[in-house]
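Data first, discussion second: the structure below is written as structure tokens.
The values are calculated or read from the model by the stated rules, or taken from the named source; none is laboratory data. In this text the structure is predicted, and so the values were computed from the model without any measurement. Cβ atoms come from the backbone with ideal geometry, glycine included; neighbour counts cover every protein chain shown. Note: areas computed on protein heavy atoms with side chains; ligands, DNA, RNA excluded. Shrake-Rupley method; radii C 1.70, N 1.55, O 1.52, S 1.80 Å.
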Amino acid sequence: MLIAPIDIFVHAWLIVAVLSAAYVAWDQFTGNPEAAVMKWGFVLVTLYMGPIGLLLYVMADKEPKPGGHEEFVKPLWKQGVGSTVHCVAGDATGIILAAVVTALIGLPMWADLIVEYAAGFLFGLLIFQALFMRKTMGGTYAENVRRSFLPELISMNCMMAGMAPMMVFLMMGRDMRAMWPGEPLFWMVMSLGVIAGFAIAYPVNVWMVSRGMKHGLMTERAKSHAGGMEDMKGMEGMDHGGMKMAKPSAQPQAGGTREGRKASAAAKHDERASGEASGSKGMEGMDHGGMKMAKSSAAGAKGPDAKSGGEHHMQADVTRPQLVAVTVFTLLMLIAGMTLPSAFVNLRLSAHDVRGAIMPPGMITDNNTPAAAMLDMAAVDPRDVTATYGLDKQGAQPLAARIENGVKVFDLQTSVIRWQILPHIAVDAYAFNGQVPGPTLRFRQGDRVRINVTNRLPETTTVHWHGLILPNVMDGPANVTQKPIENGQVYRYEFTAVQSGSYLYHSHDHLDRQQALGLYGALIIDPANAADEIPADHEYTIELQEWLMREGLTYPAMPMDGGQPNYFTINGRAYPSTDTIMMKVGETLKVRFIGSSNGFIHPMHIHGGPFVVVARDGQTLAPSARFQADTINVGPGQRYDVIWTALKPGKWMIHCHIPHHTTNNNTEQDGGGGLMMHIHVAGDPTT
Ligand SMILES: [Cu+2]
């Protein structure tokens, strides 16, 4: 499911990567005279790097015309590509396998990085270098491990220096779906990480190839192929018959033996000197796959050097200081890549902790931001939506009670829905009974009521009956008076209504998330004695809410960096999709303002004359305490009942007096937006 714009690119990239790898595999194994280990290297690297892997293959290794491979792969930059491909194929495979395993078992990111480094290094060294190259290089497995160690260390340091920060910043940035292997985004980030690692490892691989420390590309043809005959001299001893090396400029040198290729001669000055003396420019010193070296290393062609230990054939054209400097430099890059991200993101978090959360743009996260804060502010996962409603579906509808043994029973069920707030804008909401606001519960003072709450959210919840006097165990605060209601569970709230007036119910678990996403509703309790009700010709209940919707995702709005709302609703609709109240001159209207909003105060104002505040927080004010006003601050949790009299005909507005709250994503439609609605009083508006 595409839930963010980036997903289109992600899917396209991954499809291209698979197709590219399939093409490279087909071409390598049907037509390209490359050594088997390099064939596999290109296939894997193309799988990991997608079109960039394909590009490298076509530009550097794919034989341009029959018999042309030998010449084609000669340039140093192509040899460097081959060397880096070989290194990356092994290292990245280890890193990616480790990343999957550590994510699945829930290791924190810092441990993840260490395991990835170790896995990449060992996989590259023990399998891709020592094992796969042994056929080419000869010698025992242990010898191959030993002489591969330093080149592998240098390459792996570079690889992880690029890959670690790329993974950390992309995985633990806004869209943390990237931390979970079940998400395509994870593989996209892996791909980008491998590309970054490749880019950093490439220069040093070019250097190592040029100095004879590593092999580059090879040409490997069947023995019968004429093109390889000359260079096949001396190759018979190798397991791969007919290998033609990519560096024909090298001078075959007597004395090369597989047995002789031991030790990391790269660090041995005397060997280097010997190599130079032979006129071979030290190329025999390649650690493995030194093509020239292989040519000169026919079995049985033991020369004096071999007799004296055979180590002279391994020297590369590098000095110890050079080698130390390069190694230390790559180690520093590695340390930087592995540790600097910890200054910015919380590496103590695991994939399990953040659960694929997508953070709102602008949320400030640092290396101390806990996972709980992230989960609280994260977008509603559109994949959790179980129903989608249009503008024809109204919120705050009266919920009919059924009577069981004299108890009024209401059923509430939470779920994730898609809710239309404007003709072209839908939000992903948490809802009671598929409504935003939840259904209005109305009963009479003295009633025994029972409310069965079933939770169908992807998280726990509870319900609080705001302002009511009731048994403490029915009050609702999660982990204070009750265990949170798990997904699929039901909690039975039961109490006797001893008060009357305007109240509300709302979630009391993950409060700033769930109420901000729509888990609230009005609770209207009629007085036991109907005469105590302050009469009005019309009655309208206003439930306020803020929304944050960015890039098609809905986040819980809150007064915090990144959480500021950009949509506002009265009873689940933004103006101009809000209701219009129809009246006649002289009639009265009782408005019940309910502060169902979560973190924002709304100075609610009615045009066309003052109203009288007759009740506050459910408590009817004594006549002497009632007062006139035209604006009343409705804060979170507060309720005001006001009586407004229609004095003149026309369209009179009810709106919040914070202008931003009467816009839709900072725009005005038909004169406003958000927390705005009309009272239409019949008659001539010019009178
Ligand atoms: Cu407001």
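Quick one: length gained pulling A336 to V498 fully straight, 0.36 nm per residue minus the C-alpha distance?
Working: separation 162, 0.36 × 162 = 58.32 nm, distance 6.54 nm.
Extending this stretch completely gives an extra 51.8 nm.
Obtain the nm distance between the two label points defined at Q489 and F169 by a simple spin-label model: each point lies 7 Å from its Cα along the Cα-to-C-beta direction.
Each label point is offset 7 Å from its Cα along the Cβ direction, giving 4.3 nm.
List the residues whose amide H sits under 5 Å from the amide H of I581, counting only those 5 or more places along or on another chain, with H placed 1.01 Å from N in the peptide plane.
H678, I679, H680
Taking the Cα centre of the range 125-229 as origin and charging only Cβ (+1 Lys, Arg; -1 Asp, Glu), how large is the dipole, in debye to the nearest 20? The partial results should precede the final answer.
On the way: 10 positive and 5 negative charges, 78 e Å.
Using Cβ point charges on Lys, Arg, Asp and Glu, the range 125-229 gives about 380 debye.
State which entries of K39/K74; K393/K648; K393/K651 exceed 27 angstrom in Cα-Cα distance in the structure shown.
Working: K39/K74 17 Å; K393/K648 32 Å; K393/K651 25 Å.
Check vs 27 Å cut-off fails for K393/K648.
Under a point spin-label approximation (7 Å from Cα along Cα-to-Cβ), what is the I127-N405 distance to one decimal in nm?
Inter-label distance under the simple model: 6.5 nm.
Less than 9 Å Cβ to Cβ from S415, Lys/Arg counted +1 and Asp/Glu -1: what total charge do the surrounding residues give? Numbers along the way, then the final one.
On the way: positive: R456; negative: D384.
In short, 0.
Normalise the Cα radius of gyration of the range 364-451 by 2.2 N^0.38 Å (N = residues in it) and let me know the number.
In units of the globular-protein estimate, the range 364-451 measures up at 1.46.
For the chain, what is the charge dipole size about the Cα centre, in debye to the nearest 20, if Lys and Arg each add +1 at the Cβ and Asp and Glu each add -1 at the Cβ? The partial results should precede the final answer.
Working: 54 positive and 61 negative charges, 359 e Å.
That gives the chain a dipole magnitude of about 1720 debye.
Debye calculation, C-alpha points only, no solvent: report log10 I(q)/I(0) for the chain at q = 0.05, 0.10 Å⁻¹, in the same order as the q values.
Normalising to I(0) and taking log10 leaves -0.40, -0.89.
With an 8 Å Cα cut-off and a minimum separation of 6 or more residues, compute the relative contact order for the range 326-383 in percent.
35 percent
I'd like to verify something in the chain: which complete DSSP H helices, judged by Cα projection on the helix axis, reach 27 Å or more and average at least -1.0 on the Kyte-Doolittle scale?
Details: long enough: 6-31 (37 Å, 1.30); 76-105 (43 Å, 1.26); 141-171 (39 Å, 0.70); 184-210 (38 Å, 1.56); 320-339 (28 Å, 1.52).
Helices passing the filter in the chain: 6-31, 76-105, 141-171, 184-210, 320-339.
With each pseudo-label sitting 7 Å past Cα toward Cβ, what's the L391-L2 distance in nm, one decimal?
2.6 nm
At 0.36 nm per residue, and after removing the present C-alpha to C-alpha distance, how many nm does the segment from R444 to Q322 gain when stretched out fully?
On the way: separation 122, 0.36 × 122 = 43.92 nm, distance 8.81 nm.
Stretched out fully, the R444 to Q322 stretch lengthens by 35.1 nm.
Evaluate E = 1/(1 + (r/R0)^6) for Y23 and I114, where r is the Cβ-Cβ distance and R0 equals 30 Å; express this FRET efficiency to the nearest 0.05. Show your work: numbers first, answer last.
Details: r = 36 Å, r/R0 = 1.19.
The pair Y23/I114 has a calculated efficiency of 0.25.
Of the heavy-atom accessible surface of the chain (probe 1.4 angstrom), what whole percent is carbon and sulfur? Please report the intermediate quantities before stating the final value.
Numbers: 15910 of 26210 Å².
Carbon-and-sulfur percentage of accessible area, whole number: 61.
Can you work out the accessible area per residue across the chain, with the rest of the protein chains kept in place, probe 1.4 Å, in square angstrom? Walk me through the intermediate numbers first.
Numbers: 26210 Å² over 687 residues.
Accessible area per residue, the chain: 38 Å².
Work out how much length A625 to R383 would gain on full extension: take 0.36 nm times their residue separation and subtract the Cα-Cα distance, in nm to one decimal.
Numbers: separation 242, 0.36 × 242 = 87.12 nm, distance 5.09 nm.
Extending this stretch completely gives an extra 82.0 nm.
Placing +1 at every Lys and Arg Cβ and -1 at every Asp and Glu Cβ, with all other atoms neutral, what dipole size does the range 537-687 have around its Cα centre, in debye to the nearest 20?
On the way: 10 positive and 14 negative charges, 58 e Å.
Here the range 537-687 has a charge dipole of around 280 debye.
Please report Rg over Rh for the range 1-99, where both radii come from the alpha carbon positions and Rh follows the Kirkwood definition.
Numbers: Rg = 14.6 Å, Rh = 14.1 Å.
My calculation of the ratio gives 1.04.
Among P649, N598, T554, pick out the residue whose Cα is farthest towards the positive end of the charge dipole of the range 530-675, where Lys and Arg carry +1 and Asp and Glu carry -1 on C-beta, about the Cα centre.
Of the options given, the answer is P649.
Give, as a single signed number, the net charge of other residues whose beta carbon lies under 14 Å from the beta carbon of P576, with Lys and Arg counted +1 and Asp and Glu -1. Provide the component values of the computation, followed by the final result.
Working: positive: R573, K651; negative: D579, E668, D670.
Taking every other residue near P576 into account, the sum is -1.
Taking 8 Å as the Cα distance limit and 6 or more residues as the minimum spacing, I'd like the relative contact order of the chain as a percentage. It would help to have the intermediate numbers written out before the result.
Values: 1689 pairs, mean separation 62.7, N = 687.
In percent, rounded to a whole number, it is 9.
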